[in-house]
Structures are given as structure tokens and as C-alpha cells.
Amino acid sequence: MKKMKLTTKIFVGLAAGILVGLLLQDSPAIANTYIKPVGTLFINLIKMLIVPLVFSSLIVGAASIGDIKTLGRIGGKTLSYYLLTTAFAVTIGLVLSMLLTPGAGLSMPVTETAMQAKSVSLADTFLNIIPKNPLKGLVEGNMLQIIAFALFLGMGATSLPAAQAKPFISFFESLAEIMYKITGFVMSLAPYGVFGLIVPVVASNGTAVLLPLIKVIGAVYVGCLLQMVFVYAVTVNGLSRVSLSEFLKGILPAAATAFSTSSSSGTLPVSIKTIKENFGVSDRIASFVLPLGATINMGGTSLYQGVCAIFIAQVYGIDLSFAQMGTIVLTATLGAIGTAGVPGGGLIMLSIVLSSVGLPLDGLTLIAGIDRILDMARTSINVIGDLAAAIVVGSSEKEIGVVETAQASIADDEQEVSPESMS
Ligand code: ASP
């Protein structure tokens with residue numbers, strides 16, 4: 001029940017923050033002097049995690065991709081499905097956010113800490129991905145370069161004999177685990193952080209800020225729904241014998257667990273049970289595709305990053321070029337590999353997407369207040385994407401059972417959805 005309590009606390013923090021913010025509308029200075037530092041502290045803690053968390057979890061993620069070579073065909077199919085559907089997800093997020101313009105009506109000044117969007121060509125973006133000096137990239141927090149270098153390191157490591165690569169991979173596995181733990185600690189402060197973040201925003205902008213934030217929530221939820229139906233359910237339907245309704249019913253236990261825990265990793269045991277019992281996917285496919293998915297497949301998270309990037313650009317009055325949108329798709333798709341499957345992992349990665357196109361990191365403070373609400377939806381989509389991949393790959397390998405058994409076990413499984421399975 002622990003995690004549920006945290007979610008409740010976050011919502012209480014959010015509601016209390018909105019209320020206090022409204023009460024302090026006439027004296028925003030009080031909110032800025034006394035309450036804002038609490039939010040700033042929370043954001044600083046998140047920023048502190050970015051480079052080490054992303055770097056270590058990307059190396060571990062890339063090392064697991066390296067292993068795919070040994071699995072050959074199945075690995076290739078799984079990876080293609082993950083990357084393609086994730087790129088689709090970011091695009092849906094970008095387009096939806098442009099259509100719904102959640103940032104309209106809210107305008108924030110671009111402060112000195114907020115960088116102006118750089119206008120770089122797509123060709124330059126690609127060329128700059130390869131760091132001439134990777135350590136410089138790490139120190140400066142150049143995320144595309146960090147991603148590229150970590151991918152090289154991870155894949156390079158797996159091409160060595162196991163005995164030689166093991167100490168390196170183990171070190172980064174250990175670092176990644178430590179960073180997940182610290183992320184968990186930072187997220188346990190979220191109720192206070194959310195309060196500290198939302199009070200000054202509401203105090204300074206009044207109720208004008210609420211509608212845009214509600215629109216962001218709407219855009220992410222609608223996007224997630226579109227991704228689930230038009231990308232996952234449709235590909236499952238087209239590439240396997242599982243029908244749309246069987247898919248949507250069968251995924252429920254895992255999707256509900258993901259929604260309530262906001263953690264793909266925590267949902268993994270339920271995902272494996274769901275895919276085997278409700279869809280009859282073989283052990284071999286399930287035990288490869290799902291853990292890999294929980295580590296590197298984050299369609300929902302990427303979609304959310306697309307929505308938020310456009311929202312933040314709108315709020316700060318920054319026009320993004322086509323090349324910058326391409327960079328967002330690229331960063332969010334590759335960044336998913338380094339996103340920790342724990343609550344709030346995507347928020348940390350969002351800062352990377354923002355900095356890849358020079359959008360103000362201050363925008364994070366707007367999103368952080370409502371992040372948990374978004375996390376619930378995007379985590380469900382992340383997990384649903386993993387299940388869809390398992391079905392598609394399982395079906396192409398003829399390692400999927402008769403679906404008739406599915407309906408019978410759904411009811412049982414639903415009883416077992418419990419947030420206690422969270423890590
Ligand atoms: N909570 C998400 C997950 O576990 C990651 C994220 O924050 O986007 O899949």
C-alpha cells in the first residue's frame with residue numbers, strides 16, 4: 001500500500017498547493033520567497049540525478065540490446081517494434097500538442113536561466129551526436145552525445161568476451177541500481193516538491209495556469225489512448241490473430257497495475273503473468289521481450305515528452321523548427337532506452353529532451369506539479385507497448401497459444417492487481 005499512499009499524498013500536495021497559491025494571489029512575493037525554494041530544491045535534486053542516471057541506465061540498456069545479437073531474429077524484431085512504435089508515439093505527442101495548444105493563454109518570460117531555442121539544422125544535429133570528446137559531453141550535460149556514447153559503450157562491452165566485459169557492465173548495473181534508489185528517495189519527497197512548485201506558479205498566474213495544465217493532462221491522456229488503439233492494438237490485430245477487443249481486455253491486469261504503481265519495472269511480474277495466461281505467449285518470448293521492454297521501451301513516456309516539449313515552447317513563446325522537432329523525436333526515442341522504469345523516470349528524461357533543443361529547463365517546474373497524473377497514464381502505455389510487442393513477436397514466431405483461454409483468466413487476474421507488487 002506504500003506507493004498508493006505516496007500517490008495520494010502527491011495529489012494532496014497538488015490540491016493544497018493550488019489552494020494556497022490562490023490564497024496568495026495578492027502577495028506572490030510570499031510564495032516566491034518562502035515556498036518556491038522547496039520546489040527549487042526538488043527540481044535541483046532531480047537535475048542532480050540526470051547525468052549519472054541516464055548514463056548508467058543507458059549503458060545497461062544498451063548492453064541488453066547487445067545481447068540481442070545472440071538472439072538474432074527475435075531480438076531484431078523486438079527492437080524494431082520498440083523503436084518504431086516509440087517514434088510514432090513522440091510524433092503523436094508533438095502533433096496533438098500543436099493541435100490542442102495547451103500553452104495558449106499562458107506566457108512565461110524567458111529568464112536568463114532559460115535558454116533560447118537554438119536553431120540548428122537537422123544535419124548539424126546528427127553530426128553533433130558523435131562527441132569528439134565524450135568527457136566534455138558528460139560534463140556539459142550534452143544529452144544526445146551522452147546517449148550516443150553510452151550506446152557505444154554498452155554495445156562495445158557486449159561484443160567482448162563475457163569475462164572481460166563483466167566488471168564494466170556490473171559496475172554500471174550497480175550504479176544504475178543506486179541511482180534508481182536515489183530516484184525513489186527523491187520521488188518520496190514529491191508531495192512537498194509538488195506543493196512548492198505549484199504554489200508560486202498559481203500565486204503569480206492565478207487560475208489562468210490551471211486550464212493549460214488541464215489541457216496538458218488531456219493531451220497526454222488522449223495521446224495515450226490513440227497510441228494504445230491505433231498503434232498497439234492495430235499492429236497486434238494486423239500482425240497476430242488477437243482481435244482488438246481481446247487485446248484490450250487481456251491487457252487489463254498489467255495496465256491497471258502500471259496505472260496504480262507508475263512503474264514498468266514494478267509491473268513486470270504482472271506483465272509476464274498477463275502475457276502468458278491471457279495470450280498464451282511462450283515462456284521464451286515473454287522472458288525476453290518483457291524485461292527488455294520494461295528497460296528500454298517507453299512509448300507513453302516519449303509521447304508525454306512530445307506533448308510537454310511543445311507545451312513549454314508555447315508557454316515561452318519559442319517557435320520550434322522542423323529540425324528541432326526531428327531532434328525531439330530522436331532524443332525521446334533513444335532517450336527511452338535510458339529512462340528508468342520507476343515513478344518519475346520520464347520527468348528526468350524530459351529535461352534531456354528539452355535541453356537537446358535548447359528549451360528552458362524552467363518549464364520543468366510547470367510540468368513537475370502534475371507529473372504524477374501524467375506518469376500513471378504513460379506508464380500504462382509503456383507496459384501495454386511491451387505486451388503488444390510480446391504478442392506480435394510471439395505470433396511471428398508461432399509461439400502464442402490459443403486466445404480462447406484468455407477471457408477466463410482475466411477476471412482472476414484483475415483481483416490480483418495490487419500496488420504491493422511495486423519495487
Ligand atoms: N514511470 C514510467 C515507467 O515506469 C517512466 C516514466 O516516468 O515515464 O514506465
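The values are calculated or read from the model by the stated rules, or taken from the named source; none is laboratory data. This structure is a prediction, so every number in the text was calculated from the model and none was measured. Neighbour counts are summed over all protein chains in view; Cβ atoms, including those assigned to glycine, are modelled from backbone coordinates with ideal geometry. Heavy atoms of the whole protein, side chains included, go into the accessibility calculation; ligands, DNA and RNA do not. Shrake-Rupley method; radii C 1.70, N 1.55, O 1.52, S 1.80 Å.
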For this session: Could you run through the stretch 296-323 and say how many residues are outside any helix (DSSP H, G or I) and open to solvent by 10 Å² or more (accessible area, probe 1.4 Å)?
Result: 6
Exercise. Is it the case that the stretch 282-295 has a residue that's over 23 Å from Leu100 (Cβ atoms), within 11 Å of the ligand (Cβ to nearest atom), open to solvent by 10 Å² or more (accessible area, probe 1.4 Å) and assigned to a helix (DSSP H, G or I)?
Worked result: yes
Problem set entry | Matching option when the condition is more than 30 Å from Val139 (Cα to Cα), surrounded by fewer than 19 Cβ atoms within 10 Å (Cβ to Cβ) and under 19 Å from the mean Cα position of the chain (by Cα), among Leu23, Leu84, Leu19, Leu45 | Leu84
For this session: Check Asp375 against each of (1) open to solvent by 10 Å² or more (accessible area, probe 1.4 Å); (2) more than 23 Å from Leu144 (Cβ to Cβ); (3) within 15 Å of the ligand (Cβ to nearest atom) and name the one condition it does not meet.
Result: (1)
Exercise. If you take the residues of the stretch 261-281 that are of a type in the set (Gly, Ala, Ser) and within 12 Å of the ligand (Cβ to nearest atom), which of them is farthest from Ala190 (Cα to Cα)?
Worked result: Ser271
For this session: Take the stretch 254-268 and flag every residue that is touching a helix residue (DSSP H, G or I) at 6+ places or on another chain (Cβ under 6 Å) and surrounded by fewer than 22 Cβ atoms within 10 Å (Cβ to Cβ).
Result: Phe259, Ser260, Ser265
Exercise. Condition test on Met349, is it within 12 Å of the ligand (Cβ to nearest atom), surrounded by fewer than 24 Cβ atoms within 10 Å (Cβ to Cβ) and of a type outside the set (Gly, Ala, Ser)?
Worked result: no
For this session: Looking only at the stretch 382-401, decide whether some residue is among the polar types (S, T, N, Q) and either at pLDDT below 85 or within 14 Å of the ligand (Cβ to nearest atom) (or both).
Result: yes
For this session: List every residue pair whose Cβ atoms lie under 8 Å apart, where the two residues are 6 or more positions apart in sequence or sit on different chains, the first residue falls within the stretch 44-55 and is part of a helix (DSSP H, G or I), and the second residue, located anywhere, is open to solvent by less than 20 Å² (accessible area, probe 1.4 Å) and acidic (Asp, Glu).
Result: none
For this session: Determine whether Phe171 is farther than 22 Å from Ser97 by Cβ, open to solvent by 10 Å² or more (accessible area, probe 1.4 Å), in contact (Cβ under 8 Å) with a residue 24 or more places away in the chain and hydrophobic (A, V, I, L, M, F, W, C).
Result: no
